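Everything below concerns the one structure shown next.
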Amino acid sequence: QVQLVESGGGLVQAGASLRLSCAASGRTFINYYMAWFRQAPGKEREFVARITWAIGNTYYADSVKGRFTISRDNAKNTVYLQMNSLKPEDTGVYYCAATARPGGTRMSEYDYWGQGTQVTVSS
């Protein structure tokens with residue numbers, strides 16, 4: 001059974017940085033696509049970033065490109081989201097997602113989800 005557990009959220013001021021972690025267990029993830037999504041209050045969940053576990057190819061939403069970095073640590077089975085220059089519009093619950101199929105930017109492409117971690121950016 002795949003389990004994804006996020007951590008690292010919190011309350012920060014605009015311009016600050018946070019690093020989110022997603023600890024993955026239950027499978028060998030070498031062929032998986034891993035992604036971060038976020039959901040702001042009253043809005044739909046949206047794609048943030050994606051990484052291929054095997055070779056580390058990354059892809060970002062335009063809204064976070066240049067500010068966020070997704071990475072993975074094979075030894076720790078953990079995916080990270082480094083978030084710099086945070087803005088109030090980055091506020092939301094951040095979810096880690098995984099799939100063994102080719103994963104893109106749509107929620108429907110991902111089979112496994114974590115419980116989410118709250119990120120709040122004050123102005």
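The values are calculated or read from the model by the stated rules, or taken from the named source; none is laboratory data. Computed from a prediction, not measured in an experiment: that's the story for all the values here. We place every Cβ from the backbone using ideal geometry, glycine too, and count neighbours over all the protein chains shown. To get the accessible areas, we keep the full protein, side chains included, count just its heavy atoms, and leave off ligands, DNA and RNA. Shrake-Rupley method; radii C 1.70, N 1.55, O 1.52, S 1.80 Å.
Take every Cα pair under 8 Å whose residues are at least 6 apart in sequence, average their separation, divide by the length of the chain, and the relative contact order is 35 percent. Put simply, the Cα atoms of the chain extend 41, 28, 24 Å along their principal axes, the longest span coming first.
Near V121, once Lys and Arg are set to +1 and Asp and Glu to -1 for all other residues with Cβ below 13 Å from its Cβ, the sum equals +1.
Mind listing which GluC sites (Glu not before Pro) in the range 1-106 are in a DSSP loop and have 14 or fewer other Cβ atoms within 10 Å?
On the way: sites: E6, E44, E46, E89; in loops: E44.
Of the GluC sites (Glu not before Pro), the ones in loops of the range 1-106 whose Cβ has at most 14 other Cβ atoms within 10 Å are E44.
Among residues other than T91 with Cβ under 12 Å from its Cβ, the summed charge is +1 (Lys and Arg +1, Asp and Glu -1). Under the rule that an exposed site lies in a DSSP loop and has at most 12 other Cβ atoms within 10 Å, name the longest stretch of the chain with no trypsin sites (Lys or Arg not before Pro) of that kind, not counting the sites themselves. Of all site-free stretches, the longest is 1-42.
Can you give me the P(r) profile for the range 51-123? Cα pairs, bins 10 angstrom wide beginning at 0, each as a whole percent. Per 10 Å bin, starting at zero, the Cα-Cα P(r) for the range 51-123 comes out as 16, 50, 30, 3 percent. Peptides 8-16, 79-87, ordered by how many other C-beta atoms sit within 10 Å of their residues on average, highest first, read 79-87, 8-16. Computed with every protein chain present, the accessible area of Y59 is close to 110 Å² [probe 1.4 Å].
Tell me the relative contact order for the range 56-121 as a rounded percent, counting alpha carbon contacts under 8 Å between residues six or more apart.
Working: 75 pairs, mean separation 17.7, N = 66.
Relative contact order of the range 56-121: 27 percent.
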